[in-house]
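Written out below as structure tokens is the structure these notes cover.
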């Protein structure tokens, strides 16, 4: 390396120099594959400045005048609270900064990179939770603008660098680099300036090579195991959900012809010797360094998760570790919220030392053993009994995107009758017409778009046999019909539960309806519990996990592999990808893995992820992920230019759709303004090699199991790009917020949304003693059907963690991204975007206060706030973050 020999003040008024061509080298650290460039430095030599090269050959000196200017570099580093791994103190405690100028040196024809000057920054002070580093660099005035900075961490630990500010440029003023990234010990990182937003062919000459090399390094070579601190983005199938060393925990590989699935980030962990198709498991799951949680997010997430894990184990401690113990009565459920749990004086012998320590911490915490009362319980603790609330939540609850219009009658299964039994539904015209009491015939109701359905029949029926063989839960195929009343509300008409022919028994199917007869009332309540468990499974596995978390990860990987950090579309999408890969890794570690939260507390058990693969194969289409096309595909809207947003809703008072379409329009306007600014004509799309490569990789690799589907959008025009980006942004922000942040509010009180049913219906092939028990103690049967104490507490814990906003949450359009603020045109577009979101908050509040919107207003009715853009930290039931951050 070219090393500085004297302080910059030793420059004479006239300087003689020839600039050496920067040399390329690679850092030896595995995670630092970004190529660096040699730096030149000052040496005092008889009134001249000479340069010492790495091979000690002196540069030839030629006299010419050089005018110098001072740049002051300020680096802001987030104080490390010890949550990241530390190393021994072996460094000087400085940061090495290498300033890369945007233009090539005109005196070096063969140069590939802009001129580089380096200096070390030393600690200069502290402010709140930040540590400040400063350096002064003298540079010739004619070097132009700094386009990038290399940072080498010479500290004794990993550092979270927030930003770099360069002040003093006579021509370009203040230069900002928003980093927001971890830099490992002795790691070298490249950051482009916020002003450096360029399409590939518009990149300044001094940055082109860096742009290309950075992408090459981020792609890696598909070899070896990824280590903490690496910055490699690559793909793999979901072959790490099971434990290959435990036969009971083996799970099929998701991804490929047999079980199609999106791809995840490759970790490179060793394959199992017993099951070569599967990856061995470990506590640490690699995610690229830039996808890791910030210190604030990390602390908040793990503190909450640790405390709630203790909560989930308390029922087991109270019941002597009986995992199957039911709640003895409904008031015992209320105790979780009202009084908390009294710890036993002596813990079971199996309680580990970590648990003992955790319990001691919780004992000292005020209200530490009490769950927060869910909002639905605060509003009306008996709402879960109500048929009206059961129906309302299909439009305004936590899973509002499953309800469909009935378009064909009679209802029929498309499954093989030889395997699953008679395809025709047991719901008859007479049953429906008895329920709607002379309003109209069934045919008229279908034609007038008055019948709606939750249809989990064909999706769940193929899994009934396997789930029941597990012995811990029951399962049915189900259909639930609703009627749209003149008041604009849905009324449940009938539930059909089906068991396929199995174990030598014929197909069993029954229809349950609202009634006044005591026995049928309780059968109806049990049927609703089953449907709600089915809806909970579909919501968590498909509406939430598959359509947001899982489907988005390939977009993140492809963007980092194919779009430079300088690319305007990368800079538009980047905030929408924040923390997604880290939270997905956490899910693979404890939520969707073998024996994890989903398998142990949801009806589909060990077949949960296999079910999500089947549904991905049957239902997932990129062109239906945007809200308008989703509504149309479910029959919940039709195109109508005269209606707001060009759609006429089948249910006018549909809170999720009403607020969602407002938000969709705001997002699309912002995306349109942004895209049209950088792509005023189609030729710029067609010539953008990075953009085309990104979209090609999303389709053919990230979602490669569906690469041949005809519905993939083309990318040829700015309008094509606007639709694609708006869809991705909607999924990461609006859709995820609508199906995630209301989970604890609606399902924290589990009778409102049980995740599992453990007993079959009392009238399914009943034994005399079982039927007698049902008639004598229907409440006990319902409690036995509901999740066990341990299952319920585990779910409450998970939903509490998932529903909480972190203190460092970034909400859609609340604050401008610094890279957007550099361009005054983009800044003006953002101000419109922000103003529209503020206005949306008022619109939503107005609807919630309007008695005409009966599906979001009324006595005991929860207002619909899930798409209100902004929120404070905690469990609030509102707020739309940029990204899938939890």
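None of the figures in this text is laboratory data; all of them are computed from the coordinates on show. Keep in mind that this is a model prediction, so the values were computed, not measured. In this analysis, Cβ positions are derived from the backbone assuming ideal geometry, glycine residues included, and neighbour counts consider all displayed protein chains.
Here are the numbers:
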| quantity | calculated |
| --- | --- |
| Separation of the residue 642 and residue 447 label points, Cα + 7 Å toward Cβ, nm | 2.1 |
| Whole-Å distance, taken between Cα centres, linking the range 698-773 and the range 566-604 | 14 |
| Cα→Cβ-extended label distance, 7 Å offset, between residue 852 and residue 775, nm | 5.3 |
| Burial ranking of peptide ranges 410-423, 606-619, 816-829 (average Cβ count within 10 Å, highest at the top) | 606-619, 816-829, 410-423 |
| Potential lengthening between residue 339 and residue 219 on full extension [0.36 nm per residue; Cα-Cα distance subtracted] | 37.8 nm |
| Peptides 510-519, 70-79 ordered by average Cβ neighbours within 10 Å, highest first | 70-79, 510-519 |
| Alpha carbon centroid spacing (whole Å) that separates the range 386-450 from the range 108-148 | 67 |
| Efficiency of FRET from Cβ geometry, residue 470 and residue 590, R₀ 22 Å, rounded to 0.05 | 0.65 |
| Degrees separating the helix 824-848 axis from the principal Cα axis of the chain, which is the longest one | 20 |
| The range 182-231 and the range 820-871: distance between their alpha carbon centers, rounded to Å | 37 |
| Residue 274/residue 325 FRET efficiency (R0 60 Å; Cβ-Cβ; nearest 0.05) | 0.95 |
| Over the range 713-793, relative contact order from alpha-carbon pairs under 8 Å, at least 6 apart, % | 24 |
| The range 427-584: relative contact order as a whole-number percent, Cα under 8 Å and 6+ apart | 14 |
| Sorted peptide list for 652-665, 185-198, criterion being average Cβ within 10 angstrom, highest first | 652-665, 185-198 |
| For the chain: relative contact order, % (alpha-carbon pairs under 8 angstrom, 6 or more apart) | 12 |
| In degrees, nearest ten, helix 789-802 long axis to first principal axis of the chain (Cα) | 40 |
| Theoretical ellipticity at 222 nm over the chain - DSSP helices of four or more residues, -39500 (n - 2.57) apiece, nearest 500 | -10000 deg cm²/dmol |
| Residues residue 428 and residue 257, FRET efficiency given R0 of 35 Å [Cβ-Cβ distance, rounded to 0.05] | 0.30 |
| Cα-based helix-to-principal-axis angle, 518-538 vs the chain, degrees rounded to 10 | 20 |
| Spacing of the two label points (7 Å from each Cα toward its C-beta) at residue 332 and residue 414, in nm | 4.4 |
